[in-house]
Each structure stands twice: as C-alpha cells, then as structure tokens.
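One structure is given below, encoded as structure tokens.
The values are calculated or read from the model by the stated rules, or taken from the named source; none is laboratory data. Being a predicted model, the structure only gives us computed values, none of them experimental. Every residue, glycine among them, receives a Cβ derived from its backbone with ideal geometry; neighbour counts consider all protein chains shown.
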Amino acid sequence: MPAPPRPIRRDPEALFKAAREGDRTALARMLSVIERGGEDARTVGRLAFVESGGGYAVGLTGAPGAGKSTLTDRLIATIRQGGGEVGVLAVDPSSPYSGGAILGDRVRMQDHALDAGVFIRSMASRGHLGGLSLATREAIRALEAVGLPLVLVETVGVGQVEVEIAGAADTTVVVVNPGWGDAVQANKAGLLEIADVFVINKADRDGVRETEQDLRRMLEMSAPSAWTPPIVSCVAATGSNVEEVWAAIESHRAAQEGDGSLVQRRERRLEEELREIVLRRLEVQAWARLKDDRYQELLADLLERRVDPYTAAAALTEGD
Ligand SMILES: Nc1nc2c(ncn2[C@@H]2O[C@H](COP(=O)(O)OP(=O)(O)OP(=O)(O)O)[C@@H](O)[C@H]2O)c(=O)[nH]1
Ligand SMILES: [Mg+2]
C-alpha cells in the first residue's frame with residue numbers, strides 16, 4: 001500500500017498565499033506558525049497586516065464555566081443563518097495545549113467543523129503568557145487577511161492576560177451567570193471596564209434580576225461614556241434569546257461605526273501593540289546584557305561595595 005502523502009512544508013509566503021486562496025489547512029498551519037513565533041511568524045504577520053483591517057472582532061470572556069463556548073457555538077449558528085462566514089479563536093492562557101484539535105469543552109463547536117464557512121482554532125500559551133495576547137492579535141489579523149469578515153475570540157479565565165486579550169476586540173462581550181456575587185467578581189477581575197455588552201447566561205436559573213441590578217449599579221458608579229453596555233440575558237444551552245445577544249453586538253458595532261469611535265479604538269489598540277512589542281524587545285535586550293562579562297564585573301564591584309546599585313545600573317544601560 002502506498003504511504004499516505006506527507007504534508008509538504010511550505011515557506012511562509014506560500015502558506016499565506018494558499019490560505020488566501022481558501023486553503024483551510026494552510027490557514028491552520030499559518031496560525032501554528034504565528035503561535036510559535038520567530039522569523040516565519042514575522043513574515044506571515046507582515047503579509048497579513050497589509051491585508052487586514054477589513055474584519056470585525058468580537059471577544060467573549062467571563063469566568064470559567066460561564067457558558068462562553070456554548071454561547072459562541074450558538075452565535076456561530078446565528079451568524080451562519082445570516083449567511084456570513086466566521087472565524088473562531090478559542091484562547092486559553094492557562095493551557096499548554098493548542099493546535100488544530102478543539103479542546104474538550106468545545107466539542108459542541110465540532111458540529112460546525114464540516115461547514116466551510118466556519119474556521120475554528122484554539123490557541124494556548126506555550127509558556128509565555130504575555131506573548132499570547134500579541135499572538136492573538138496576529139491570529140485575528142491572519143483570519144481577516146484570508147477574508148473572514150468576522151472573528152469571535154473566546155478567552156478562558158479572568159486574569160490580566162485574559163482581560164488584555166478580550167479587550168483587544170472591536171466589541172467585548174462579558175458573560176456572567178445569575179447568582180449572588182457573580183457581577184461583583186466580574187468587576188473585581190477588571191471585566192466591567194472592558195465590557196461593551198453584558199450577557200447573563202444560564203437565565204434558566206434563579207437570580208437574573210439581582211445580577212442585572214448589580215451590574216447596573218456598578219455601571220452607574222463607573223465613569224460615564226458615550227456607550228452604555230446593554231445587559232442581555234439568555235440561555236445558551238437552549239439558544240433562547242441568543243438572537244438578542246447578537247443584536248446587542250451588532251448595535252454596538254453600528255454605534256461605533258457611526259460616531260467614528262471604532263477607528264479611534266483601533267488606532268489606540270495598534271499603538272498599544274507597538275508599545276508592548278518595543279517593551280518586549282527591550283526586555284530581551286536587557287536580559288542579554290545581564291549575561292555578559294561587564295555585568296559580572298559590575299556585580300562583583302557592587303558586592304564589594306566599590307560601586308552603588310544605581311551607578312552600576314547606569315553603566316549597564318547606557319548606550320555603548
Ligand atoms: N443551565 C444552563 N447551563 C448552561 C447554559 N449554557 C451553558 N451551560 C452549561 O455550563 C457548562 C459550561 O459551559 P461552557 O460553554 O463550556 O462554558 P465556558 O465558559 O466556555 O467554560 P470554560 O471555557 O471552561 O471557561 C456546560 O455544562 C454547559 O452545558 C445555560 O444557558 N443554562
Ligand atoms: Mg469554553
């Protein structure tokens with residue numbers, strides 16, 4: 001029996017070209033390249049950047065188990081009914097697993113796996129936490145660049161990195177559940193500041209009214225802005241009221257497109273990205289310096305009290 005054809009290793013340019021032509025396997029590989037980082041990732045990122053900017057990204061975040069994946073699954077169906085194509089990134093900063101495989105709890109989304117209008121990919125940290133938020137931005141642009149007009153980004157967890165990733169979308173949806181304290185927890189995690197739309201999922205349970213009141217009260221205490229995040233309750237498990245969630249996302253989009261704030265938001269985001277990349281590069285350079293001989297000398301001088309720490313630091317950081 002002939003051996004199955006081995007996947008051909010393609011250079012990043014060829015990969016990008018194939019992905020643009022609709023080759024989903026090439027697209028999946030391109031995302032692996034981005035996730036891994038390095039020279040090939042830079043090439044793909046550069047190519048994608050030029051072709052990106054035409055899509056719209058929706059971030060979904062919230063505490064573990066809030067129902068983000070179930071809701072994402074339902075939103076995919078809603079979007080597909082409207083005839084739109086959609087890319088989905090499931091980002092899990094706490095998980096070392098990633099790749100083409102869709103993680104356990106996302107099995108539901110597998111229903112869409114055979115639909116050519118849906119592309120689903122999970123991304124994980126591979127150890128460098130902050131790097132994931134940069135990689136996610138590049139992945140969103142890659143999906144835009146191959147012509148997916150809409151990207152949903154589900155982020156698991158409620159830490160700082162998760163807030164960063166979810167906040168990097170054009171519309172950020174924060175998913176909470178009914179019950180005492182859930183809204184307060186979301187507030188503590190910094191989710192209130194990034195929310196454009198609140199979803200109270202699992203509305204088949206008690207406490208929806210109280211949670212809604214909590215959210216309203218906290219919103220009233222926060223600084224006034226042009227957009228007041230709507231609060232929509234739904235039962236993602238059955239699909240009940242998911243259309244309203246989608247409508248709230250669309251009205252946020254329309255409001256931002258109407259008053260020019262979307263452009264501003266994107267510009268701000270790009271500047272933030274630039275700053276983060278610069279900081280990262282400087283950090284790498286700094287660590288490199290801390291390995292050289294000059295450092296060892298200065299450290300010895302410091303420990304012998306021949307030099308103070310500030311003078312030593314100045315000697316290490318001055319341009320040479
Ligand atoms: N009762 C009820 N259960 C729901 C609803 N939506 C989701 N669930 C259940 O809640 C559990 C968690 O749902 P997921 O969609 O995996 O939640 P998640 O937020 O993606 O979870 P992580 O990705 O692990 O953070 C599952 O058992 C779902 O079946 C709902 O509207 N009502
Ligand atoms: Mg999930």
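Restricted to region 75-110, and to residues that are modelled with pLDDT of 70 or more and either of a type in the set (D, E, K, R) or farther than 23 Å from THR238 by Cα (or both), which residue is farthest from ligand 2 (Cβ to nearest atom)? Break it down into steps so the answer makes sense when it comes.
Here is the first cut: in region 75-110, the ones modelled with pLDDT of 70 or more are 75-93.
Pick out the ones that are also either of a type in the set (D, E, K, R) or farther than 23 Å from THR238 by Cα (or both) and you get 80, 85, 91-93.
On the way: ARG80: 19, GLU85: 22, VAL91: 10, ASP92: 8, PRO93: 13 Å.
The qualifying residue farthest from ligand 2 (Cβ to nearest atom) is GLU85.
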Matching residues in region 251-303 (within 25 Å of the chain's Cα centre (by Cα) and assigned to a helix (DSSP H, G or I)) number 33
Counting only residues that are within 16 Å of ligand 2 (Cβ to nearest atom), modelled with pLDDT of 80 or more and in contact with an Asp or Glu (Cβ under 9 Å, 6 or more places away or on another chain), region 155-168 contains a total of 1
- Assess whether LEU47 counts as being in contact with a Phe, Trp or Tyr (Cβ under 6 Å, 6 or more places away or on another chain), more than 16 Å from ligand 1 (Cβ to nearest atom) and more than 30 Å from ASN187 (Cα to Cα). yes
Considering region 278-316, residues that are touching a residue at least 12 places away in the same chain (Cβ under 8 Å) and not aliphatic (A, V, I, L, M), and then whichever is nearest to LEU134 (Cα to Cα), we arrive at ARG280
GLN264 vs (1) assigned by TED's automatic domain parsing to the domain that holds LEU60; (2) surrounded by fewer than 17 Cβ atoms within 10 Å (Cβ to Cβ): all pass except (1)
For region 222-236, pairs from a residue that is at pLDDT 95 or above to a residue that is within 16 Å of ligand 2 (Cβ to nearest atom) and part of a loop (DSSP other than H, G, I, E, B), with Cβ under 6 Å and 6 or more apart or across chains, are ALA236/GLY67
- Query: modelled with pLDDT of 95 or more, under 26 Å from GLY87 (Cβ atoms), of a type in the set (D, E, K, R) and more than 16 Å from ligand 2 (Cβ to nearest atom): does that describe ASP204?
  - Reply: no
